[in-house]
1. Amide H to amide H, which residues 5 or more places from Val6 or on other chains are under 5 Å from it, using H placed in the peptide plane?
2. Please arrange Met304, Met32, Met406 by accessible surface area, largest first, computed with a 1.4 Å probe and ligands excluded.
3. Could you check which residue among Ile167, Ile79, Ile420 shows the biggest mean-square fluctuation in a GNM of the chain with a 10 Å Cα cutoff?
4. Tell me the relative contact order for the chain as a rounded percent, counting alpha carbon contacts under 8 Å between residues six or more apart.
5. Using a 1.4 angstrom probe on heavy atoms only, work out the carbon and sulfur share of the accessible area of the chain in %.
6. So what is the orientation-averaged projected area of the chain, using the convex hull of its C-alpha atoms, in nm²?
7. Measuring from label point to label point, each 7 Å out along Cα→Cβ, what is the Glu435 to Ala299 span in nm?
8. Tilt of helix 64-74 relative to the longest C-alpha principal axis of the chain, in degrees (0 to 90, nearest 10)?
Amino acid sequence: LSPVHVIGGGLAGSEAAWQLATRGVPVVLHEMRPVRPTEAHSTDQLAELVCSNSFRSDDAEYNAVGLLHEEMRRCGSLILRCADAHKVPAGGALAMDRDGFAGAVTEAITSHPLITIERGEVAGLPPEDWDSVVIATGPLTSPPLAEAIRSFTGEESLAFFDAIAPIVYLESVDLSKAWFQSRYDKPGPGGTGKDYINCAFEKDEYRAFIDALLTAEKVDFKEWEKSTPYFEGCLPIEVMAERGVDTLRYGPMKPVGLTNPHKPERRPYAVVQLRQDNALGTLYNLVGFQTKLRHAEQARIFRMIPGLEKAEFARLGGLHRNTFLNSPRLLDGALRLKAQPRIRFAGQVTGCEGYVESAAVGLLAGRFAAAERLGGEPSAPPATTALGAILGHITGGANADTYQPMNVNFGLFPPVDERIRGRDRKLAYTRRALEDLGGWLAAAPGVAS
Ligand code: FAD
């Protein structure tokens, strides 16, 4: 068999290489460190954790990322095996000794007879004679490769910055205060004229909200992030609030073209709009609310928005340097570039977010590439599993026009019976997922050892 080339030996690339090799497929893993460093890595180890040493909750019954851990274990994940072997006490979280963890991944990959590591930058599109490639170069993809991908896929298809607005679960929005309506009742493409959820402020509520924004705690930019300026089109809301008390009311919170059916006699003073974020309609993002506020501050302040007092957040907002593709537009369901199917993408560069999600997408890319190399067809995990939910989101479920990085969360899963509430609802998601994963693993060829 000729080798599959994996570019990037981070969380995703290491996992992809492992999945390929354990199925008998030779791999050349290209990692540019230490020949060429990134702004965030500090060692030459594979799967280096650039910041926190935590994979978040390990609760596979009530937490979506804990479920993803368990699914990856059942799929023979190297990243999870090494994480479990090097875990440190962290309550319900899976946290690791970072050197022990990266060292174990590096050792497993280096000593595998089917994996060759080449230390060097791939500084452009992979050569034509590499007939199967997985690009897993992460949020800090080196500029020459990023430029090549951008000129191939088009100007708008590769972002260098993520400006993330917070996302809430629809079921936590109080619709006795908020209401569905598009501005001037205009239906967008495929819309109904009721495409947005609106939350209206009275004057005193708006003033209190602006005061809270001005006094909130912010996250500092890292030194290297400072060199990337804000785009005027995606200023953080707290920066807009600093420009004047009415700036937001004339910007993303403008109250025009909207009538509050709960108070039809009063014109709203300001309005926050929430836009559908996934095809299932379970998640909504706060339009124009990208922010650098600390997460705890975001939750506190955004619950001051009328209708969001009890909001549960699928993710909070942020602004970082991050290279990622418009995957819903560019990739097929097996993570292949539609315009050049010999190239797959995996990890954070696909627009999933987080160590675990990146490794999970690497695991899928490795399985898919192996299935093809062995003469079969890639088999996608069921949409009801955490693996299937994240894959479905990045390859089609997310709205391509507003695509921003996303962690795994229950809002990405097809809903369970709506009469099941609270903790039981989470348990219903996770039980269904593990049962369906079992069926998929039993049916999929080349199950990992
Ligand atoms: P990486 O782990 O970054 O791996 C990509 C690899 O590709 C790197 O080793 C790089 O050297 C190599 N590479 C890049 N370009 C080339 C090239 N042209 N040729 C060859 N090799 C190349 N997520 C969390 O869950 N928790 C956190 O605390 C966290 N903190 C983060 C902090 C920072 C500063 C950043 C940038 C991201 C953070 N993330 C965090 C997000 C993300 O989960 C991690 O970046 C994660 O490592 C992504 O995995 P990956 O495999 O896609 O990319």
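The values are calculated or read from the model by the stated rules, or taken from the named source; none is laboratory data. The structure displayed is predicted, hence computed values, not measured ones. Cβ: placed from backbone, ideal geometry, glycine included. Neighbour counts: every protein chain shown. Surface accessibility is based on the protein's heavy atoms, side chains included, excluding ligands, DNA and RNA. Shrake-Rupley method; radii C 1.70, N 1.55, O 1.52, S 1.80 Å.
1. Here the answer is Val28, Leu29, His30, Val134, since their amide H atoms fall under 5 Å of that of Val6.
2. Details: Met304 70, Met32 25, Met406 0 Å².
Of Met304, Met32, Met406, the descending order of accessible area is Met304, Met32, Met406.
3. Of Ile167, Ile79, Ile420, the Gaussian network model singles out Ile420 as fluctuating most.
4. Working: 904 pairs, mean separation 99.3, N = 449.
It comes to 22 percent, rounded to a whole number.
5. Numbers: 9700 of 18400 Å².
That share works out to 53 percent.
6. Values: hull surface 84.9 nm².
Computing the convex hull of the Cα atoms and averaging its projections yields 21.2 nm².
7. Reported label-point gap for Glu435 and Ala299 is 3.1 nm.
8. Tilt relative to the chain: about 10 degrees.
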